[in-house]
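Read-outs: derived from the displayed coordinates by stated rules, not from any lab. These numbers were taken from a predicted model, which means no experiment stands behind them. Here Cβ is always computed from backbone atoms with ideal geometry, including for glycine, and neighbour counts include all displayed protein chains.
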């Protein structure tokens, strides 16, 4: 059974890249375009990993992480944040919200897979 | 969120680098078609290029690369074997990817379609679905610092799982960084009925030998640092040490905080094995002992291994911008000049303390200068490797079979010299392939092997580097050169110069035109251009050739352009520096000699007539010449020439300063240098001076 990953980003091209890389590596990929959308998708299907952008309309990445961590069903799902800045402040914010890890954009497919592999094997 | 142009530029740059690597891999593969590592390497390169292009929106690059990648996947799975046409096609594809990257998609369309068809023709027709991509291999082939061993004590809090962390992932990540040994502390796990499945009860001790830094290790735990207690200690720093020298078990346990000194002393007084005793008494857990023993073994093994391997490799490098280096060289030049002034002043004042300081400074400045200049030295091998492709393509174009051999790739030269050497070398190699090496049929008829050989050799001698381009082709045709030279008006028809003199004519500007390309069986196209480039680098070119056996072109180049070994002379109040490499000897020129030659400006030196030129006259230095002048005999391209000066001061190593814009093209001068007392000495460009003066003499006669 392939592991299922929810990718969340408001940019279609990023979603496309992530989908390409992850599905090629044998993961099942579900996509969402913002935090609200992600929560809706999460409620329908259990995920092995959530990969989320930070700046998004409606519900941003930090908000999504907080919502996931307080959800009785999904609170232990690993969440990796995808961010354009390698600044510590953003990382700390995500960490405090309960993120499992992060990856800095732009990344190579190898880097993305390495992070995903590290979190869910 | 869109990727910026900058990001996509850096992507293009990175991909171009990968393409260059791919090219080298393909060429290697051509000579070792069954090397599976090379196939895997090529496949990985293509895979990365494809993935990255897709990510950055270069879809045409990605889809085209995919076609080539598919072929390499087939090779990798053993369904296709490497052949010469396949490599040729792959190289062509590589070139097209490069063009696609530059954004010139429209012009690539036809080639693209053709190449895709050619690629598909290679794929097996049985319609088998391509196999799933093989497991990821390590793509980061860096050459890091020596291997060190660390002890990591990782004690998660029960809340570890609450941010979704899987500790196994962390351990796996560590395992990827180096070789690890992990001891889990499981005695903290409560009885089953008390277990909270969402809490972490296990702790881990990890011994890791890795080339990564402590920060790299710490960054593995960055997202869990609040959810655990983490302690990382360097237990072996990778330096050479005695294997048995590493800490005793008790010391390790104290360092780990498992044991106090008092407890250790108490136990040591018992004549029993320490580990057993500690466990028996319940002071230290069995896991802690196991971890400590593992650490001890690991470090001892690592040290023993290093001792047998001899020197540990410590080669790390730092990339620095060329302009930073240039300004460093410049500053060091200034420092050397200032130092010379200090030395002179100290000598004048005669203060012993000051003299001592000046002497120390002198030594340090010289060392600083040498080591700064050595930073600019790079091995010539990188330039050499470009030529493999050139020769390969040329032999295909010309229908010849040519091998390129390189020797002395590790020879070091100033970066600027190497950069400016690229074009002349390409020219010479092209000439060797085009005009030197004969076609396979002609070679066989002459009893030579079908495959021609072009050999590129570099080596050091004294302050010079020599580069030789040798081919085993037909050699220069002296008769053809003779008639061509006569036709060009470079030689009187009745003249019978030696072969060597004839060969040197090919460097004459008027000798070659495009037409001679096919007429003269030797070479000649653009040799004057080559010579001019090499002259500009203060080097020289020489040719040797034996008919039917081949031709060797030898380039002599200075190690560096920043410093010149010179002979300082004076004319009136002015000082000049002549390049030492050209100076043969210094002799006196008495007034009688001058009168005897009746204004012909010829001196007899060792019973040979040598023409001379007065620097005083040439540079219009005011004042009367002394009764006894000095002639410095210089030799340029085998011709002796005298330069008359007032006196010879001596040998002088100087840092060259370029002249300002106004004076840059002054005939007879190539630069200037600042002397210890702050005055300026001009550096004489001997060859251009001789050329200009002979033109002037011909004009007046």
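For this structure, a couple of remarks:
- Per-residue average of Cβ from other chains inside 10 Å of A:110-121: 4
- Mean projection area, nm², convex hull over Cα of the protein assembly as shown: 53.5 nm²
- Taking the number of Cβ atoms within 10 Å of each Cβ as an exposure proxy, the fewest-first ranking of B:86, B:46 is B:86, B:46.
- Relative to the longest principal axis of the Cα atoms of chain B, the long axis of helix B:478-487 makes an angle of roughly 60 degrees.
- Chain B, relative contact order [Cα under 8 Å, separation at least 6], %: 7 percent
- Pairs of alpha carbons in the stretch B:73-117 whose separation is greater than 16 Å (percent): 46 percent
- Volume of the Cα convex hull of the stretch B:323-376, divided per residue and given in Å³: 49 Å³
- 0 to 90° range, to nearest 10: angle between helix B:105-122 axis and chain B longest Cα axis: 60 degrees
- Translational diffusion coefficient (Stokes-Einstein; Kirkwood radius from C-alpha pairs) of the stretch A:1-41 at 4 °C, 1.567 mPa s, in µm²/s: 126 µm²/s
- 10 Å-binned pair-distance histogram of the stretch B:379-558 (Cα, whole percent): 10, 38, 36, 15, 1
- Start at zero, step by 10 Å, and the Cα-Cα distances of chain B spread as 2, 10, 14, 16, 17, 14, 12, 8, 4, 2, 1, 0, 0 percent across the bins.
- Calculated [θ] (222 nm, deg cm²/dmol) that DSSP helices of n ≥ 4 give over chain A, each run adding -39,500 (n - 2.57): -13500 deg cm²/dmol
- Overall dimensions of the stretch B:616-679 as given by Cα atoms, namely Rg and Dmax in Å: 14.1, 37
- DSSP-defined antiparallel bridges as percent of all bridges, chain B, nearest 5: 90 percent
- The protein assembly as shown: antiparallel DSSP beta bridges as a percent of all, rounded to 5: 75 percent
- Relative contact order, percent, the stretch B:148-309 [alpha-carbon distance under 8 Å, six or more residues apart]: 32 percent
- Relative to the dominant Cα principal axis of chain B, helix B:5-31 is inclined by about 80°.
- From helices alone, chain B scores -14500 deg cm²/dmol at 222 nm; the rule is -39500 (n - 2.57) for each run of n ≥ 4 DSSP H residues, then divide by the residue total.
- Rg over Rh, two decimals, the stretch B:148-309 (C-alpha only, Kirkwood Rh): 1.00
- Fewest-first ordering of B:201, B:612, B:663 by other beta carbons within 10 Å of each residue's beta carbon gives B:663, B:201, B:612.
- Proxy reagent accessibility, fewest Cβ within 10 Å first, across B:448, B:324: B:324, B:448
- Measuring r between the beta carbons of residue B:331 and residue B:529 and using R0 = 30 Å, the FRET efficiency lands at 0.30.
- Whole-percent pair-distance distribution, where bins are 10 Å wide, for the alpha carbons of the stretch B:563-700: 11, 44, 36, 9, 0
- Shape descriptor for chain A: Rg over Rh equals 0.92 (Cα atoms; Rh from the Kirkwood inverse mean 1/r).
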